[in-house]
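Structure, as structure tokens:
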Amino acid sequence: MASDKVVETVIVGNYVEMETEEGKPKSIKNKMSNFFWHGGSAYDAWFSCASNQVAQVLLTLPYSFSQLGMLSGILFQLFYGLLGSWTAYLISTLYVEYRTRKEREKVDFRNHVIQWFEVLDGLLGRHWRNVGLAFNCTFLLFGSVIQLIACASNIYYINDNLDKRTWTYIFGACCATTVFIPSFHNYRIWSFLGLVMTTYTAWYLTVASLLHGQVEGVKHSGPTKMVLYFTGATNILYTFGGHAVTVEIMHAMWKPQKFKAIYLWATLYVMTLTLPSAAAVYWAFGDMLLNHANAFSLLPRSPFRDMAVILMLIHQFITFGFACTPLYFVWEKAIGMHECKSLCKRAAARLPVVVPIWFLAIIFPFFGPINSTVGSLLVSFTVYIIPALAHICTFKSSAARENAVEQPPKFVGRWIGAYTINMFVVGWVLVVGFGFGGWASVTNFVHQIDTFGLFTKCYQCPPPTLPPPTPHPLNITASPPLQHPRHGLRNP
């Protein structure tokens, strides 16, 4: 009976490892561990998608609004949110197609996590695998770098006794502890807490900005330059391109087929956080945001702001794990440690992955501009162009379309509609996202390097306040300079 059940589970496509544990008596300790530690439901996937998507970009979206203007900022969020949800759906259908084909061949995935490059390899061959692996790993590497930079940028607004580079050293060591989290199964409580934390931060930004009111002489002149316009647009492209870990999240689900619309619902919730907060901060501070990529830098310090900073720090630690865990898997497979059952051995093997992330965060500490650069050069291909092209090529034959596990939705026009949308995604992202966005974001990134330099100690930190000069003993009785009402200070 047990073997029949396992075979049935494989055909249906449920997660075998979880199913084989059924029927065993569980202690209170195991039940508590499963409740907090082992997640595989559709709700867990929703929390993971929403928590991973919003992250530190919540703090840079007001900066993007100052580059784009209010109307363009809102429209780009809505547009790229829908575009990202569509390509996440494509990735999910390709995953289900690949896994179903392999399970029909009796392939066992109990000790193996399927990843995006393996889906491309199984469906389209090794050349697609190599391209997908290169883009996916590079994007996740810099996604982890961005989280580390954000940690240092945020903590500085609570404690500026240390510069941002020193804080990067400290948080790099803290984030390295994510090597002990085995897989996306084990992010259940972290995903839930992460979303609660960003929800608080988003509404803090909204309410605090409205209560603060507009600064004196506020200006909303965006968009003023094409470079800034497309830089802001690619930051929003990056914001809704967090589905590079879709395959790993699906593989952690007990029933991956239920993922279909999860990313769309996660995106809709995220928009209830990003739109009000970005619009409110931009309304209050306007063009001042052009020189303040982190929204925390303009809001007055208060216990509520300190709480938001602390919660974002914890959430960025969680998001660092989200971005880095697929890299851990790739590295484990490369050195033959992926199926090792010892958590400590796998954790030790993962540590070398953190070192280049740490180093790159110290070289390029440009919080804000680096998001746009990664968005245009990496996100554009990783989660938009490649999934759309892969879907077209996988189902180009009539036989493949007839035997597809997942048929395109009727409301998009089935295969003709899906093909049309995919071609639009490829064309738009290639021209606007990679072309214009790449030119603008790289130009802005180079400007940051020219202005601040590599390895800058404290990016966008206010200049230190110098103590007033001590008067010389010989001039202690000298009279103070006279002040003319029109010409300011002058000597007597």
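For ALA152, the conditions (1) assigned to a helix (DSSP H, G or I); (2) at pLDDT 85 or above; (3) not acidic (Asp, Glu) are fulfilled apart from (2).
Among residues that are part of a helix (DSSP H, G or I), more than 21 Å from the chain's Cα centre (by Cα) and not aliphatic (A, V, I, L, M), ASN52 is not included.
Of all residues in region 152-169, those satisfying the criterion of being within 18 Å of MET312 (Cα to Cα) and among the polar types (S, T, N, Q) are SER153, ASN154, ASN159, THR168. Taking every residue in region 208-228 that is touching a residue at least 12 places away in the same chain (Cβ under 8 Å) and pairing it with any residue that is part of a loop (DSSP other than H, G, I, E, B), at least 6 positions away or on another chain, the pairs with Cβ-Cβ distances below 7 Å are ALA208/LEU299; HIS212/LEU299; GLY222/GLY69; PRO223/GLY69. Within region 47-90, the set of residues being more than 27 Å from ILE149 (Cβ to Cβ) and open to solvent by less than 10 Å² (accessible area, probe 1.4 Å) comprises just one member, LEU90. Of all residues in region 312-323, those satisfying the criterion of being hydrophobic (A, V, I, L, M, F, W, C) and out of contact with any Cys (no Cβ under 8 Å at 6 or more places or on another chain) are MET312, ILE314, ILE318, PHE322, ALA323. Of the helices (runs of 4 or more DSSP H) lying entirely inside region 211-328, those containing at least 1 residues that are among the aromatic types (Phe, Trp, Tyr) and surrounded by fewer than 24 Cβ atoms within 10 Å (Cβ to Cβ) span 226-239, 262-285.
Taken residue by residue, region 160-168 has at least one member that is under 21 Å from the mean Cα position of the chain (by Cα) and at pLDDT 85 or above.
Filtering THR168, THR177 for residues that are assigned to a helix (DSSP H, G or I), open to solvent by less than 40 Å² (accessible area, probe 1.4 Å) and hydroxyl-bearing (Ser, Thr, Tyr) leaves a single hit, THR168.
Quick check, is PHE117 closer than 25 Å to PRO356 by Cα, touching a helix residue (DSSP H, G or I) at 6+ places or on another chain (Cβ under 7 Å), open to solvent by 50 Å² or more (accessible area, probe 1.4 Å) and not small (Gly, Ala, Ser)?
no
Among LEU360, LEU378, which is the only one that is closer than 25 Å to THR87 by Cβ, open to solvent by less than 50 Å² (accessible area, probe 1.4 Å) and in contact (Cβ under 8 Å) with a residue 24 or more places away in the chain? The conditions single out LEU378.
The values are calculated or read from the model by the stated rules, or taken from the named source; none is laboratory data. None of these values were measured; they are calculated from a predicted model. All Cβ positions, glycine included, derive from the backbone under ideal geometry; neighbour counts span all protein chains shown. For accessibility, only protein heavy atoms count, side chains too; no ligands or nucleic acids. Shrake-Rupley method; radii C 1.70, N 1.55, O 1.52, S 1.80 Å.
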